[in-house]
1. Among Ile107, Ser51, Leu189, which residue has its Cα furthest toward the positive end of the charge dipole of the chain, with +1 on Lys/Arg Cβ and -1 on Asp/Glu Cβ?
2. Rounded, prolate or oblate: which one fits region 36-155, using the alpha carbon gyration tensor with axes a ≥ b ≥ c (rounded when a/c is under 1.5, else prolate when a/b beats b/c, else oblate)?
3. Does the chain classify as rounded, prolate or oblate by the C-alpha gyration tensor (a ≥ b ≥ c root eigenvalues; a/c under 1.5 gives rounded; else a/b over b/c gives prolate, otherwise oblate)?
4. With charges only on Cβ, +1 for K and R and -1 for D and E, what is the dipole size of region 53-186 about its Cα centre, in debye, rounded to 20?
5. By a straight-distance test (C-alpha under 15 Å), which aspartates and glutamates pair with Lys67 as possible cross-link partners, with residues fewer than eight away in the same chain excluded?
6. Calculate for the chain the 222 nm mean residue ellipticity that helices alone would give, adding -39,500 (n - 2.57) per DSSP H run of length 4 or more and normalising by residue count, nearest 500 deg cm²/dmol.
7. Got the relative contact order for the chain handy, in percent, Cα pairs under 8 Å and 6 or more residues apart?
8. Only Lys, Arg, Asp and Glu count, each charged at its Cβ (+1, +1, -1, -1), so figure out the dipole size of the chain about its Cα centre, rounded to 20 debye.
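We did not get these values from a lab; they are worked out from the coordinates using the rules stated. Keep in mind the model is a prediction, meaning the values are calculated, not measured. When we count neighbours, we look across all protein chains shown, and the Cβ atoms used for this are built from the backbone with ideal geometry, even at glycine.
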Amino acid sequence: MYFRHSNEMWSEFPELVPGVLFAEGITADAAVADRIARYHATAAERLVQGSEGEMPEIQAWRRSFSKMGLKPTQYRCASEALLRRFRQEGSLPRLHPLVDLCNAVSIAFAIPVAVFDLAKITGDLEVRHASGSESYLTFSGETEHPEPGEVIFADTGGQAHARRWTNRQSGRSAVREDTKSVLIVAEALHDLASSDVPRLIGMIAAELASVWSVEARSALLSRSSPRFDLSPATNLQPEQKHS
């Protein structure tokens, strides 16, 4: 199994900086409240300086959504949606320790972070334009079909695991109580993405080691090195390994 962005995505968004992690041994009984509080405090400090829409990370995603033909205030990237809810309510809902932690890191950095249950993904996973034949399962159990040309996370089996790129994940591969193996993907497009994404990935890797005692394999992807293989031998290449 591998994860990658299509060549077309790299051509259309050359400023993209993706970071990925693969981890096994996740459990749903971890205590992360104190760790989440620290990231929430960072997000709160940033929001004091201005709303989420003023953050360069969010502005870059809004420009990209406009480029894809989407109204950026109608369809928001995941980090903007979380920041907006956090600003309005002062907290985020608790779903699963890993998801809660990644959501907290996401709002601290204002960068979308997706967490996928690998057991629910068939074959490879690619960020690409939809053909229109793919199936997407909502959290309420309804099946949708992304529009042709829409950017999705698609697996080999024709399942869409996210719609409108970083707008909405699928209920099919959402992390549940029985989740053991995960793929975590962070993507940014702003000017400082090349330094912010490695820091974000490093923080999540450190949290995985501290909370779950697991060593995640991680990588920073690029147009020249776009593929992350979920096999130990491949991911130890110097140009992909991130520590």
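1. Ser51
2. Values: a/c = 2.29, a/b = 1.44, b/c = 1.59.
It comes out oblate by the Cα gyration axes.
3. Values: a/c = 1.23, a/b = 1.05, b/c = 1.17.
Here the chain falls in the rounded category.
4. Working: 17 positive and 16 negative charges, 86 e Å.
Using only the charged Cβ atoms, the result is roughly 420 debye.
5. Filter leaves Glu8, Glu12, Glu15, Glu150.
6. On the way: 6 runs with 80 residues, N = 243.
Computed mean residue ellipticity for the chain: -10500 deg cm²/dmol.
7. Numbers: 467 pairs, mean separation 77.1, N = 243.
About 32 percent, as a whole number.
8. Working: 26 positive and 31 negative charges, 67 e Å.
Magnitude of the dipole: close to 320 debye.
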